[in-house]
Amino acid sequence: MEFSGNIPYILKAGVIIISGFYIGKSMKFVNLPSIIGFMLAGILLGPSSVNFLTHSLQENFTFITEISLGFVALSIGLELGFSLLKKQGKSILLIILFETFLTFFVVTAGIFFLTSNLPISLLLGAIASASAPMGTVAIIQEYKAKGPLTNVLYSIVGLDDGLGVLIFGFAAALAKSLLSGAKLNNFKDFIMLFYHPFLEITLSVILGLLFGVIFAYLAKKLRNPRDLFILTFGSILLLTGFCIYTNLSYIMANMLFGVFIINTQKNTLVKNLKEQLSNTMPLLFVMFFVLGGAHLELGSLLKLGMLGLIYTFTRTFGKISGCYVGAVIGKSDNIIKKYSGIGIISQAGLAIGLSLIVKHELAEISPAADAMGTTIVTVVAATCIIFEIVGPLAAKYALQKAGEIPENTI
């Protein structure tokens with residue numbers, strides 16, 4: 001069943017919002033997070049069911065996903081005050097390093113043990129290292145969670161994407177070299193593998209800080225909170241759009257935008273900015289997760305196979321054990337040791353985006369490499385269905401066990 005393409009986009013947007021909102025609300029009756037309902041609405045409206053949200057429509061609504069992630073990245077940045085990071089100390093750095101690198105190595109080893117194919121092992125390992133900030137942040141905000149674990153989860157999902165992009169850049173360059181027959185003849189060739197991902201992250205950080213400086217200057221001249229919202233919304237669109245245009249990381253740029261604001265501006269401005277974001281983000285969550293659900297074609301699960309099962313198991317093990325090891329070495333509290341890894345299992349937008357980049361770049365090497373890219377996209381798309389359903393539930397469980405979700409929000 002497929003609906004006519006003549007239906008106005010504004011009507012389709014209305015269907016997305018209303019259906020997502022009410023199906024999300026209904027999840028309260030079965031004690032599940034609203035975002036599970038949002039994704040269920042997307043699955044029902046998407047190609048897996050009535051195909052109201054067709055593939056072409058999803059592509060046309062990509063800007064909603066990008067705007068939503070821009071807002072989420074800014075909100076994460078606004079939680080990363082230097083005083084808080086200093087209080088968390090080296091433990092948060094150790095947690096991020098261990099959960100990211102251990103996931104990369106465990107997934108790479110697991111896939112290589114199964115396939116004996118180093119390029120596909122490196123690429124899936126690199127993609128697995130990134131988390132999905134949207135799912136974790138949505139749970140934190142829906143249940144108004146507060147506490148040490150909440151602060152740690154904000155820091156992890158905010159900072160590990162940048163490290164994940166660096167790992168991916170290195171792994172992708174090495175995999176393409178292996179597939180194309182290129183050789184690393186000297187140390188300079190090896191160092192050049194890091195050049196482009198490092199440059200991307202560096203420029204994204206600089207751009208985010210620059211936008212923060214300009215925003216702070218303009219915001220000081222505003223007196224009406226509604227004017228601050230307009231400035232904020234426009235700034236996120238400008239920064240996100242410019243990053244997309246220049247192939248920079250808009251997640252990293254918007255996060256550093258927020259980091260600059262919280263660490264340099266008065267509490268009044270930060271408080272007003274957070275209030276404006278809190279009024280806007282619930283709507284963005286609805287649209288983001290309904291569209292995300294539409295991408296999750298349940299038929300992909302049938303193609304999961306042993307490769308997908310190994311990827312799912314090793315990624316979950318890497319995230320949980322990496323956080324635990326980092327927390328133990330960093331002498332974090334027991335709650336952080338036990339539950340931080342469980343709270344960051346979600347994976348979606350960035351992973352799918354990286355897999356599509358792989359597919360595009362491998363297609364230029366050879367038909368065999370193109371087939372490998374197709375396999376990677378299939379595995380990542382199928383496992384994201386699992387991670388995007390289990391991840392938010394796991395985050396809620398972790399925050400509940402840590403005692404950071406108020407009773408009246410459950």
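What the table shows:
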{"quantity": "Residues located in the range 317-351, provided they are farther than 20 Å from ILE140 by Cα, modelled with pLDDT of 85 or more and of a type in the set (Ser, Thr, Tyr)", "calculated": "SER321, TYR324"}
{"quantity": "Criterion (at pLDDT below 85, polar (S, T, N, Q) and on the phi < 0 side of the Ramachandran plot) met by exactly one of SER56, SER19", "calculated": "SER56"}
{"quantity": "Criterion violated by LEU238 - all others in (1) closer than 21 Å to ALA128 by Cα; (2) under 22 Å from the mean Cα position of the chain (by Cα); (3) of a type outside the set (Phe, Trp, Tyr) satisfied", "calculated": "(1)"}
{"quantity": "All positions within the range 380-407 that are modelled with pLDDT under 80 and more than 17 Å from the chain's Cα centre (by Cα)", "calculated": "PRO406, GLU407"}
{"quantity": "From LEU210, LEU239, LEU269, LEU218, residue being out of contact with any His (no Cβ under 8 Å at 6 or more places or on another chain) and loosely packed, with under 15 Cβ neighbours inside 10 Å", "calculated": "LEU218"}
{"quantity": "Filtered residues of the range 178-235 (kept if modelled with pLDDT under 85 and small (Gly, Ala, Ser))", "calculated": "SER180, GLY181, ALA182"}
{"quantity": "Test: ILE251 is at pLDDT below 80, touching a helix residue (DSSP H, G or I) at 6+ places or on another chain (Cβ under 8 Å) and over 30 Å from VAL50 (Cα atoms)", "calculated": "yes"}
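The values are calculated or read from the model by the stated rules, or taken from the named source; none is laboratory data. Since we're looking at a predicted model, the values are computed, not measured. We place every Cβ from the backbone using ideal geometry, glycine too, and count neighbours over all the protein chains shown.
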